[in-house]
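Trainee: There's a structure below that I have some questions on.
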Amino acid sequence: MHLLSLDAVAAGLVWQEVFFRQFGSSGRWDQRLILGCAIWLAYVADRLFDILSLNTQKPTTERHAYIRGHWRTMVVIWLTVFISSFILAYLRLPKLEFIGGLWITILINLYFLTLRFSGKIPTLGSLKEILTATLFTIGVSFFPLLTLPEILFQYLWLQVIFGVLCFTNVLLISHWEHWIDRGQEEHSLSQRSSNRSTLLKILLTNLIGLGLVMAFMLPGIFSLAFLISSAGICVLYLRGRGSETGKLKFLIDLPLMLPFLLFFFF
């Protein structure tokens, strides 16, 4: 799942469902399918763009090595999924949802453009983890938010804290792979941070604390899902300290998938 980016798809679908249930609504099959395809397309496109600039003589991640070894097949599959999902979205989605999806697509392309210029403007590379988490949050919560009669601050607050959760998840894998990024001369936030471990400790401590407060003060599926995912990321961080993280990389999105257990109770 990790090499094909299917773990990110599963995590996105789980949290889309969490948002739907938190808002007291239910999603349609086409919304779920389109989100899953969109996440996969974005992640694979990111890796396809990455292999164009990777130095093959230096260390690289297993997922990039896999894409590089099967790039022709992946391009054909990517184009097939893109065309199919676009047709499905055009035929099935209401105008508001379709136009909103186009705007998100534009934001994703701006993200790719930002990364392409990161070599000349290193500061832009520092935005990678932040932009990845932000776009993932927007995409996952997009359809659920449109089911609300009106968007209140409390709903936007849920988006913000979920975005911080996603950012911590992305930062953790960047932390594990900082030596690879350094070899490839990538300008990510993990490369510019002098103490990644301290930053992760601060984020995880606050996430766990906020999760506990929410679970007791605002009980509901979102609060419990947030606490479970925060605890899962914390466990991965602790397991990866001072040990080989190669095997743990395949579990990086597992904490974001664990809230599916709550669907049996909510």
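Trainee: Mind ranking 252-264, 20-32 by how tightly packed they are, going by the mean number of other C-beta atoms within 10 angstrom, highest first?
Mentor: Details: 252-264: 18.5, 20-32: 15.3.
Those peptides, ordered most packed to least, come out 252-264, 20-32.
Trainee: Continuing with the same structure: Under 14 Å from the Cβ of G24, count the other residues' Cβ atoms, weight Lys and Arg +1, Asp and Glu -1, and hand me the total. Please report the intermediate quantities before stating the final value.
Mentor: Working: positive: R21; negative: E17, E150.
Its environment carries a net charge of -1.
No value in this document is a laboratory result; all are computed from the given coordinates. None of the values given here were measured: they were computed from a predicted structure. Every residue, glycine among them, receives a Cβ derived from its backbone with ideal geometry; neighbour counts consider all protein chains shown.
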